[in-house]
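J.: This is the structure, below, for whatever I ask next.
No value in this document is a laboratory result; all are computed from the given coordinates. As the structure is a computational prediction, the values presented were derived from the model and not from experiment. Cβ placement follows ideal geometry from the backbone for every residue including glycine, while neighbour counts extend to all protein chains displayed.
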Amino acid sequence: SLPGHVRIVEVGPRDGLQNEPASLSVALKCQLIEQLVSTGIRHIETGSFVSPKWVPQMADTEQVMHQLQRTSGVIYSVLTPNLKGFERALSCQPSEIAVFAAASEEFSARNINCSITESLERFNPLIEKAKVQKLRVRGYISCTVGCPYTGDITPQQVAWVAQQLNEMGCDEISLGDTIGVGNPLACKRMLAAVAHYVPLSQLAVHFHDTYGQALANIYAMLEEGIATVDTAIAGLGGCPYAQGASGNVATEDVVYLLNGLGIQSKIDLSQLTVVSHWICQQLNRPNQSKVARALHPQ
Ligand code: HMG
Ligand code: MG
C-alpha cells in the first residue's frame, strides 16, 4: 500500500550543480536553496566537501553554508567522502552529513578512488565522529541496479553494502540508480534484498532519469513502502564519474505524481515551477521537468 506522506530530499544544489559546466555564484546558490525551502522542502543537500580538483563546482560549499539564511526545522545536508571532508564540513554546522559508497567496484574506483571495502573503512571513523556531534548520517549506494562500467549489479551486492552502512550507524540509506537504467521489477528485486537488512523507514530512493524510467520506478518503490524520495529541481543533475548519466528525477514531476496519488508532501507545486524556470534561466539550460513546462510554459 502507498504511504500517506512522502519526504522529498532535494539534491539539486549538490547533485544538480556538481555536473553543470559553469559554476553558479555563492549568492545564487544561496538564493536557490532559500527559494527551494520556501516551497516547503524540509531536507536539502547544499553541496559537498570533496576534492576541489575533482569537482570544482562544489569548491565553495563552505561559503554557501555560511552565507545561507537557514530556516529552523530544515535539514541541510552535505556530502563528505573522507575525514578531511568531514572536518571541513564541521566548521559550517550542517544538520546531516552523507557518505557515499557504491555497489560496483569499478564505479567506486572512478568516483572516490578506492575499493568498496576501503571506502567503508574510511567512513567508519567519520560516522563515529558525526555521532559524537549528534549529526544525522546518510549513506548513499550508487549503481544499485546497474553500473556504467560493469553493467549488471546483483541485489546481493547492494544488500551487502547496505548492511555494512546500516551497522556502521547510518540513519538513512539512499539507493541510487546512478545512470537511470532500472525498471520497476529490477528495483523491486533490489529493494527486497536490501530490506532484509535495513528497515524500509530508513531507506530512500535516488533515481536518475536518463532513460525516462524514474517515475515508474519511484511508483513501484512507493508501493513497496518507501516514503523518502531524492529529487532535483528542474531535473538537474548527473554524476561526473558516470558517463551518460543525466539528471535526477525532477522534484516537480514527483510532487505532481504525489499530488495525483493523494500523498502529502507539503510542497507548493506552483511555487516550485517558478523556482525551476528561474534556475534554468540562470544556468542557461532547458528545463528537464515535463510538469514545470506544462504548468508554466515559457
Ligand atoms: P584522492 O585523490 O584519492 O584523495 O581523492 P587523497 O586522500 O589521496 O588526497 C589527494 C588530494 O586531495 C590531497 O591534496 C588532499 O588534501 C585532497 P594535495 O596534497 O594533492 O594538494 N583532498 C581533499 N580536498 C578537499 N576536500 C576533501 C579532500 N580529500 C582529499 N574532502 C576523493 C579522494 C574522494 C577526495 C576524490 O576522489 C573526490 O573528491 N572525488 C569526487 C567524488 C564526487 O564528488 N562525486 C560526485 C558525488 S557522488 C554522486 O554524485 C552519486 C550520488 O548522487 C548517488 C547516485 O546518484 O548514485 C551521491
Ligand atoms: Mg546522484
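J.: Under a plain spin-label model, where a point goes 7 Å from the Cα along Cα-to-Cβ, how far apart in nm are Lys131 and Tyr149?
T.: It works out to 3.1 nm between the two label points.
J.: Right, something else. When the helices in the chain are scored as -39500 (n - 2.57) per DSSP H run of 4 or longer and the sum is shared across all residues, what 222 nm value do you end up with, to the nearest 500 deg cm²/dmol? The partial results should precede the final answer.
T.: Working: 11 runs with 121 residues, N = 298.
It comes out at -12500 deg cm²/dmol, rounded to the nearest 500.
J.: Would you mind getting me the FRET efficiency between Asp171 and Leu90? Use the beta-carbon distance for r and R0 = 25 Å, nearest 0.05. Kindly include the intermediate steps, with their values, before the conclusion.
T.: Details: r = 17 Å, r/R0 = 0.70.
About 0.90, to the nearest 0.05.
J.: Which of His66, His206, His43 comes first, and how do the rest follow, when ranked by fewest Cβ neighbours within 10 Å?
T.: The most exposed by this proxy come first: His66, His43, His206.
J.: Extension gain Thr117-Gln264, at 0.36 nm per residue separation less the Cα-Cα distance, in nm?
T.: Details: separation 147, 0.36 × 147 = 52.92 nm, distance 3.86 nm.
Full extension of this stretch gives 49.1 nm more.
J.: Tell me, what HN-Hα J-couplings in whole Hz come from the Karplus equation 6.51 cos²θ - 1.76 cosθ + 1.60 at θ = phi - 60° for each residue of segment 111-121, using x for Gly and Pro?
T.: Working through the residues one at a time gives 7, 10, 6, 7, 6, 4, 4, 4, 5, 5, 5 Hz.
J.: May I ask you to evaluate 6.51 cos²θ - 1.76 cosθ + 1.60, the Karplus curve with θ = phi - 60°, for each residue of segment 3-19 and list the ³J(HN,Hα) values in order in whole Hz, giving x for glycine and proline?
T.: Rounded to whole hertz, the list is x, x, 9, 10, 8, 8, 10, 7, 10, x, x, 9, 4, x, 7, 5, 10.
J.: Here is a further query. Grab the chain and count how many Lys pairs have their alpha-carbon atoms under 25 Å apart, sequence gap of 8 or more, or different chains.
T.: Summing the qualifying lysine pairs gives 9.
J.: Let me ask you something else. List the trypsin sites (Lys or Arg not before Pro) in segment 179-276 that DSSP assigns to loop (not H, G, I, E or B) and whose Cβ has at most 15 other Cβ atoms within 10 Å. Which are they? Write out the running numbers ahead of the final one.
T.: Numbers: sites: Lys188, Arg189, Lys266; in loops: Lys266.
Qualifying residues, ordered by number: Lys266.
J.: Using only Cα atoms, locate the centre of segment 109-126 and the centre of segment 259-276, then give the distance between them in Å, rounded to an integer.
T.: Here the answer is 36 Å between Cα centres.
J.: What three numbers, in Å, describe the spread of the alpha carbons of the chain along their principal axes, ordered from the longest?
T.: Sorted largest first, the three principal extents are 47, 42, 34 Å.
J.: Tell me, what is the percent relative contact order of the chain, built from C-alpha pairs under 8 Å that lie six or more residues apart?
T.: Values: 650 pairs, mean separation 61.0, N = 298.
With pairs under 8 Å counted, the relative contact order is 20 percent.
J.: Tell me, how many Å apart are the Cα centres for segment 150-195 and for segment 196-219?
T.: Result: 9 Å between the Cα centres.
J.: I would also like to ask the following. Quick one: 3J(HN,Hα) in Hz for segment 224-240, Karplus 6.51/-1.76/1.60 with θ = phi - 60°, rounded, Gly and Pro as x.
T.: Here the 3J(HN,Hα) series is 8, x, 6, 10, 9, 10, 8, 8, 10, 3, 6, x, 5, x, x, 10, x Hz.
J.: Right, here's the next one. Among the Cys residues of the chain, which have no other cysteine Cβ under 4.7 angstrom away?
T.: Cysteines of the chain left without a disulfide-compatible partner: Cys30, Cys92, Cys114, Cys170, Cys187, Cys239, Cys280.
J.: For a test of the definition: using alpha carbon positions, the gyration tensor, and the 1.5 limit on a/c, classify segment 187-296 as rounded, prolate or oblate. Don't jump to the answer; show the numbers that get you there.
T.: Numbers: a/c = 2.42, a/b = 1.44, b/c = 1.68.
Verdict is oblate for segment 187-296.
J.: Given H placed on each backbone N at 1.01 Å, which residues far from Leu203 in sequence or on other chains put an amide H within less than 5 Å of it?
T.: Sorted by chain and number, the residues that satisfy this are Ile173.
J.: So if I restrict to the alpha-carbon atoms in segment 128-247, what is the Rg, and what is Dmax, the biggest pairwise distance, in Å?
T.: Answer for segment 128-247, Rg first and Dmax second: 13.8, 41 Å.
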